[in-house]
Structure formats: C-alpha cells, structure tokens
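One structure below.
The values are calculated or read from the model by the stated rules, or taken from the named source; none is laboratory data. Computed from a prediction, not measured in an experiment: that's the story for all the values here. Cβ: placed from backbone, ideal geometry, glycine included. Neighbour counts: every protein chain shown. Heads up: the accessible areas ignore ligands, DNA and RNA and are worked out on the full protein's heavy atoms, side chains in. Shrake-Rupley method; radii C 1.70, N 1.55, O 1.52, S 1.80 Å.
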Amino acid sequence: MKNEKVPASEISRQLEIADQVRQILPAGRKYHIVTLGCQMNVRDSESLAGLFERMGFLKAETREDADLILYNTCCVRENAENKALGNVIWLKELKKIKPHLIIAVGGCMMQEEGMAETLIKQYPFIDFIMGTHNSYKVPEFVHTVLTEERQTFEVLNIDGMVVEGLPAVRNSNFSAFVNIMYGCNNFCSYCIVPYVRGRERSRTEEDILDEIKRLQDAGVKEITLLGQNVNSYMGGGANFANLLCKIDQMGIERIRFMTSHPKDLSDELIHAYASLKHLMPHLHLPVQAGNDEILSRMNRIYSREKYLDLVSRLRKARPDIGLTTDIIVGFPGETNAQFEDTLSLAKLVRYDAAYTFIYSPRAGTKAAKLPDPVTIEEKTERIQRLIDLQQSITSEILLEQVGKTLPVLVDSVSARDESKIGGKTPRAHMVNFDGPKDLIGRTVNVLITSAGKNTLRGEIVK
Ligand code: 5AD
Ligand code: SF4
C-alpha cells in the first residue's frame, strides 16, 4: 500500500496563497459549502471550510447569502449526480443577481472520466472545478479566479496521496470525524468509488493519534474513524484492531468507525468488541445482498453463510451490539428468489437499520455491462417489501429498549421547542427528551419511556 504524503512544503505554499487571498479579498465575503454523499465528504468539507476561513471568508448559512458557493459532489448513484447538476444549474440565476459570486464544484463526481471537462465547457458560469485528490489546492484556485478572472480546473487522475496539516472548521466540538485511510481496492462490481477515490492509502498511526489527542484536549467526547474500508487500515505495520486499542487507552468516551467490509473483519476486531471499554456497541456492516450467486457477481468475496457466522460471533463477543447495513436491490439479473434470500437474511440478522438502494448503473464499472432484464417497477416493489420488513424489525428493536436507562451524548436541540433535546445511545439509537440546551455535548443518563417509528423517547434520570 502506498502511503505517500503531499509534501509539507506544498501545504505551506497553499497556506501562504490563502494569506495572499486574505489581503485582496473585499471584507465581509462569505462562503457556503453544499455537501452531498457520505461522511468522507463531510470531513473533506470541514477542511475546505478551514481553508476558506484562512482566506478570510466568513461562513454563510444559506447559498443566497454567500459570495462563494462550493458543491462537494457524490457519484455513488445516479440520483446523487442529478441532484448536484440540478443545483449547480440553479446557481446560474443567482450569479445574474450577484455577478461577483464564485461558483466551484469538487468531490467524487468530478473524478469521473470526462466529467469536469464537460461541465466547465457546458457551464461557463462555473469558476473552478477540482477533484478529490487536489482539493487542498483550493487557495490557489480561488487566487486564480480573483486575480486572473478566468475559469480554472484541475482534476488529477492519480491514486492520490495523504494530506496532513490542513486547518479545519469542525461541525461539532464534542463529536468528530477522523480519517484513517482513503480509497478502496475492492472493486465491488457495481461501485464507482475505487475509480474516483483511488487505491487504499492509510494515514500513519502517529498522525491519527496526534489528531485525536488534540481533539480530546479540546473537549471532544466521540470519535468516528472514517475510511471506505477501515478494516484494511495499514499504517506503518499497525492494523485496525491495534489502532483501536491505542485509541481506547487514551480514554476517549465513545469510539465509532465506518465502513467495514465483511471479508476483512478480523478475529482481533471481533475480540475488540468484547474487550475495549470505549468502543461503542454498534457496527455498520454492509451486506449488499443475501444470495451467494449475487454476492459473487458483486465481487464481495464472502458468502451468506460467512456473513451470518460473523454476525453470530460479533453477538457472542458483544451481546448488546446493534448492527446496521447497506443493501442493494435489483442488481442486474437478480431474480425474485434471489431477492427473497436478501429478505430472509434481513430477518435472520435483525438489523437496527438498513440503508436500502435500488441498483444504479455506474459507467466504467463491471456491473454496468451486465444485461438487466428486471423492470424498474419490479425493483421498486422489491425495495418497498424490504423497507416494510426492516421497519417492522426496527420498531421491535426500539421497543426492546423501553425501560432501560442508557447514557446519551446530547447532540441537538429541537428547532421547534428549545426545551426538547436529543442524542444517541451507545448503540446509536436516537432519543428525544426534555432538558436544557446547555446539556449539548454532555452525557446524561436517560430512562427510555417509549419507542416511535425510528427514534426513542425518554426522561433524564438524576
Ligand atoms: N447502485 C446502488 N447502490 C450503490 N452503492 C454503491 N454503489 C451503488 C450502485 N451502483 C451503495 C452500497 C454502498 C453504499 C454506500 O452505496 O450499498 O454500501
Ligand atoms: Fe465500493 Fe465495495 Fe469499495 Fe465499498 S468496498 S467503496 S462498495 S468498492
């Protein structure tokens, strides 16, 4: 695995350019980032926000109030792309009213072959486009737009390197995302991620632990480690389970991570669920399908039996563990009987929640070339059956929580009524209850009193 870093001198150069932008930027200019897609994009947007603030931009809550709007795009399914395109086209109207508005597009969709070139030609109102591998160069792109008043775009068709040392504006001061690795080597046949995010590369253990220490010193209580496939983390000889042990010893109150590939879920990691004090009893373990033939055509490298065995070993190690998953319905050629296997697997596992998607062909992937005789109506009917089944399982599991007293890390206040706050249990169930908003960022014990469709209700116990 290549774990090359972008040279520190290049990061310093970008920070210097950011300072130059600060000198020429008219006062009061604001930025707004629209983030589509997964947690990796959310984390990338935090670094982009850090760079914009270094350049002197202030944060705008809405697009209408902004002088620079950046779309951080996703391309994992077609509807994510359509959403991004529709939004960007709408910005053209905004630019008519505010001619100095800078419009920028970045993220995974820009890494697709030919996409950035097409967009920049087709939409002259876009000021700059960048990819995922070079977004640390945003100060340079903004500088070019301001000083040369021309469109600019750069997308690197490389595997990408690890970027360290960027400033960040974090979305929360008590719960933080920490990247541990980037990219994916798995090439599941439906997935575009390996093409747009490049091959796997890990941050060093030292860089990760330093970042976590700084977050901990700043009062962060919950860390979510991020990577497309965290189980294949390899930072200078240390594997993922070793890394978790070290973070556990630091005494961070809550440790979570995502996403895990079942084929790489090691015995050591299962053991970590039994032995680590701060590792939360929740695991997101995408299954994608419950039928062996489909799993094999998806290139997932595990069987239904192997997956079910992992689940039973995880539950043996940590009986209160809550599992969540991703499922694709209507993979090319999926028969009704094969889909029934997915339903029966969901019944056997009893997930806390499942994120379900209708298969979306992605250009350049292997599955996009497969014949697909199943109609969209049939796929829609299948996904509805799966959603209904999962809803009934989720409701049952939530009901099982009633009567328990659980520690909840308060993370939100109701927009409608400031006396109502909410947060997550260790198993990641959302609970709402009455309490003062100054409890945000604190952990309180909550007696679960009732269960709704997807959330719990409770009351604080003193
Ligand atoms: N079509 C539908 N869903 C997809 N996913 C990834 N690629 C596709 C696709 N082509 C889903 C998988 C993955 C989640 C992040 O998105 O379930 O786990
Ligand atoms: Fe895509 Fe599979 Fe990699 Fe996940 S593991 S990002 S689904 S290729």
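Apart from one condition, Asn157 fits all of (1) modelled with pLDDT of 90 or more; (2) away from ligand 2 (no atom under 16 Å from the Cβ); the exception is (1).
Quick check: anything in the stretch 422-430 of a type in the set (Val, Ile, Thr), within 25 Å of Phe257 (Cβ to Cβ) and open to solvent by 40 Å² or more (accessible area, probe 1.4 Å)?
Of all residues in the stretch 422-430, those of a type in the set (Val, Ile, Thr) come to 425.
Now restrict to residues that are within 25 Å of Phe257 (Cβ to Cβ): 425.
Narrowing further to those that are open to solvent by 40 Å² or more (accessible area, probe 1.4 Å): none.
The answer is no; no qualifying residue exists.
Return yes when Arg362 is touching a residue at least 60 places away in the same chain (Cβ under 8 Å) and in a loop (DSSP other than H, G, I, E, B) and no when it is not. Yes: the conditions hold for Arg362.
Of the candidates Ala363, Ala368, Ala354, the single residue that is closer than 21 Å to Pro332 by Cα, touching a Ser or Thr at 6+ places or on another chain (Cβ under 8 Å) and within 14 Å of ligand 1 (Cβ to nearest atom) is Ala354.
Filtering the stretch 370-382 to residues that are closer than 18 Å to Ile327 by Cβ, open to solvent by 20 Å² or more (accessible area, probe 1.4 Å) and in a helix (DSSP H, G or I) leaves Ile376, Glu378, Thr380, Glu381.
Okay, residues lined up against (1) in the same structural domain as Asp248 (by TED's automatic domain parsing); (2) basic (Lys, Arg):
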site: Ile270; (1), (2): yes, no
site: Ala274; (1), (2): yes, no
site: Pro286; (1), (2): no, no
site: Glu293; (1), (2): no, no
site: Arg297; (1), (2): no, yes
site: Arg300; (1), (2): no, yes
site: Ser303; (1), (2): no, no
site: Tyr307; (1), (2): no, no
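Tally time: how many residues in the stretch 124-164 are within 18 Å of Ser12 (Cα to Cα) and assigned to a helix (DSSP H, G or I)? Steps first, answer last, please.
Step one: filter the stretch 124-164 for residues within 18 Å of Ser12 (Cα to Cα), giving 133-144, 161-164.
Imposing the further condition that a residue be assigned to a helix (DSSP H, G or I) reduces the set to 135-144.
Selection size over the stretch 124-164: 10.
Among residues of the stretch 104-129 that are over 21 Å from Glu149 (Cβ atoms), those with a Cβ under 8 angstrom from a residue that is among the polar types (S, T, N, Q) and part of a helix (DSSP H, G or I), sequence gap 6+ or separate chain, pair up as Gly107/Asn41; Cys108/Asn41.
Hey, any hits in the stretch 204-221 for a residue that's farther than 26 Å from Phe57 by Cβ and among the hydroxyl-bearing types (Ser, Thr, Tyr)? Yes. Taken over the stretch 328-357, the criterion of being within 19 Å of the chain's Cα centre (by Cα) and either over 17 Å from Asn454 (Cβ atoms) or exposed (fewer than 15 other Cβ atoms within 10 Å of the Cβ) (or both) is satisfied by Ile328, Tyr355, Phe357.
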